[in-house]
1. Straight-line reach only, C-alpha to C-alpha below 13 angstrom: list the aspartates and glutamates that residue A:10 could link to, leaving out same-chain residues fewer than 8 apart.
2. Where both partners of a DSSP beta bridge lie in the protein assembly as shown, what percent of those bridges are antiparallel, to the nearest 5?
3. Of A:165, A:196, A:33, which is farthest on the positive side of the dipole of region A:21-243, counting Cα position, with +1 on Lys and Arg Cβ, -1 on Asp and Glu Cβ, and the Cα centre as origin?
4. Cross-link list C:121/C:145; A:211/A:283; A:34/A:108; A:144/A:211; A:34/B:90; A:211/C:121: which exceed 29 angstrom alpha carbon to alpha carbon?
5. Quote the FRET efficiency, to the nearest 0.05, computed for residue C:15 versus residue C:212 with a Förster distance R0 of 60 Å and r equal to the Cβ-Cβ distance.
6. Would you grab the residues whose amide H sits under 5 Å from the one on residue C:221? Only those 5+ places off in sequence or on another chain, please, with H modelled 1.01 Å from N.
7. For residue A:50, what residues show an amide H to amide H distance below 5 Å, using hydrogens built from the backbone and excluding near sequence neighbours?
8. Non-local amide H neighbours of residue C:86 (under 5 Å, H modeled in plane, Pro and chain starts lacking H): which ones?
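The numbers here are math on the coordinates, done by the rules we state, and not lab data. Because the structure is predicted, anything quoted here is derived from the model rather than measured. Glycine also receives a Cβ, built like all others from the backbone with ideal geometry; neighbour counts cover every protein chain displayed.
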Amino acid sequence: MNSAVVTLFKLAVLAGLVLFPAIGSSFYVELVAKILIMAIFAMSLALLVGFTGLVSLGHAAYFGIAAYTVALVAPEYEAANLWFVLTASVLAAGAAAFFIGLFVLRTKGIYFIMVTLAFAQMAYYIFHDTALGRSSDGIYLNVKPDASLFGWAPFSLDEPLHLYYFILAAMVAVFVLLAYVLRSPFGRVLAGIHSNEHRMKSLGYSTFRYKLAAFTLAGALAGVAGFLYAVLFGFVTPEYLSWHQSGNVLMMVILGGLGSLAGAVAGAFAFIGLQEMFSDWTKHWQLLMGLVIVAAVLFMPTGLAGLPRRIFRTVNWGEDDE
Amino acid sequence: MDITSFLIQILNALQYGLLLFLVASGLTLVFGIMGIINLAHGSFYMIGAYLAFALTSLTGNLMLAIVLGIPLAFGFGALLEKLLFVHLYKRDHLQQVLLTYGLILIFEELRSLTVGDDVHGVAIPDLFSASIALSDNLSYPVYRLVISVVCIALAAGLWWLMQRTRLGMMIRAGSFNREMVQSLGVNIDMLYRTVFALGVALAALAGMLAAPISSVYPGMGGSVLIISFVIVVIGGIGSVWGALVAALLVGFADTFGKVLMPELAGLTVYLLMAVVLLWRPEGIFRKG
Amino acid sequence: MSEAMLVADRLTRHFGGLTANLEVCITLARGELHALLGPNGAGKSTCINMLSGDLPPSAGRILLEGQDVTGLDSAARSHRGIGRSYQRTNIFPQFTVLENCRLAAQSRRPRPWRIFTDAMKTSDTVERARAAIVEAGLGGREQRKAGLLSHGEQRQLEIAMVLATDARVLLLDEPLAGMGSEESGQMVELLRKLKQNRAILLVEHDMDAVFAVADTITVMVEGSVLESGPPEQIRNSEDVQAAYLGEEEHG
């Protein structure tokens, strides 16, 4: 497919998202906002899984740490400053990722998958069991943060529409940021590590440092998602750090097809869309979700993003092999 | 802590560690020999516990339930390997994670559909329901000792299987060199199926044994899975003896962590793992 | 002899009970191509792996221009000027030829960390990569996907990548392996050109090629150096013929 068509398609999707509140009910606006947040989360993980080749099964830790930072830093009955809590929670998530990265990046392959999961579970227990998390039931955020900057308030997160556009803007910002990072020299190093880490070392790259940088950046961006999620729903719980959350976001990345940011966004839409649809049908919606996932592995190994390409190729009688 | 309660904690740690060994040994073998990461391994533990609950309700006796449950679990494992896991051997880790994660969701919902989401107790068989008095007011339940003894017997059996039988020889050879095993004319498909089914049966047995003390509840597979991962990381992939040592270490770290530092209850095991990662990122007993 | 660039001083490597290299001494000089010969299992790969930093030696030292680099990993040695190519082609198959070399050249940038510039627009890096591609004889194939190159071209790309890192010491592990006679002829020409201002260690099985380009030849047998000297000396050595060359001719 040619790149102009792809760009046009992305712009059309963006236009649809901008116009959506004009037609969608408040329920659906909140649902789409949730999906956009998950898209940020999925893109942050795609940086690791799809572009660096690091399969992290503990990415929810950074999402949850950022969410908890909002809840713990904000005063209980008055609004915290948005820019302050946003910075604090992203920094907290990034710092946690940096620190955990120092340990987990010493391992590879299956070990890496297991160890990232185990560290995330450790973070889960910190908020679930110790005084830091206050209570295993979670914490309410009674007041949404205040967006004023030096006395000027450009928007108010109490307004659902403002909140929606704030989240959409964050999603676009993360998309653009990652797109820039991926084509930068740094991003090319990550691609090289994904392709052949051993050769990168012999070419003179200290791959550990690059992987640590990518892990930290991914953690910080997952923190953006966790922050927005806490603000949107006004509530944080240890479940945000649970391994099911890590599993779900990994599913989004894989279902979306690896190696593209748009795929991660599509994966978030598909996963949460399916989740909503199935849970409308039955209380046991996870059964259907599980069946879809198993079927996807058995019959669709390239993911959703590979689907249009495959259809396209079939139409072309298989001549298009790029 | 006086000497008697210290002894009790030691026995608890042993029993917990040995039970974890049953789960982790299958996991590490499947990792080491087939190169498969199986997130659904914790579900086998959960399935075992629910099997114990269901079969005990039917037969009225846990021991009978276990005798019936082991072949069921083994057969279930063999079937699962034939239908699904056989497709994973040539896939990358990511797809293995994806498929086995999907399986967890399926198993949990099937459990919810058939047995419901309530917590159930399973009665200790009358034969082992007594306690041994250790001092005036402290005693130790016989059933926990029985679990430890059964696990030790199984560990010894596993050792015998690995060191002394043709199957064990093939498994040890298989974890080093697949081509060599094939060139010996060994049916590798059957070997894989047997190892996988054995792993399922061991995990399910652990669940069955644990059912009376931990009771039977939704989500019990998840925490066991993650602890088993920690054990495999500490012990080294593919090493059964590494798994045994690591499981005991984890059993002690967890038990004494809860006693000595209740604030950090759930964390000690992970701190142990972090230390091992700094010291030996490939696990204590990683070969080569 | 001209100045010594890389010196292997009594390098020894054990694998469990097996001794793969025992007190191997090799000196590479600028402007000189030093070939390492030996039957399979003689320890040539172990030796080159220790020199490149892929494998830590059990004992012995490696000196680069007089400085001890034994404790450095392969990335650090690459920055000191040691570059290596691999026996089994070791490239980035999904990337273009240019991108393979650009990544190699980029590792020499003072700040490879910048995240907001377009990698393809960092002109000094791209230029260095293009120059290396031309030098290795791959000019005109910059935009081809590396995985789609012919085997011989992939071997050339291996060398182009090393050149793009500005390596002064080249460790080349069987660059002629699997090449046809025309391709190996070109590669021999390339090696001749490359050695002019660099030091080269060549591990190679192709005898004709080795005797055509080597200034010094070291023969290894069973992990130890059997003999080392100019090609004439090696050609006439009875020990070498007994242990190695004779075996080739009759076998």
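1. The qualifying aspartates and glutamates are none; the list is empty.
2. Bridges in the protein assembly as shown that DSSP calls antiparallel: roughly 60 percent.
3. The residue sitting most towards the positive pole is A:196.
4. With Cα atoms farther than 29 Å apart: A:211/A:283; A:34/A:108; A:144/A:211; A:34/B:90.
5. On the way: r = 34 Å, r/R0 = 0.56.
About 0.95, to the nearest 0.05.
6. C:226
7. Counting only residues 5 or more places away or on other chains, the set is A:259.
8. C:173
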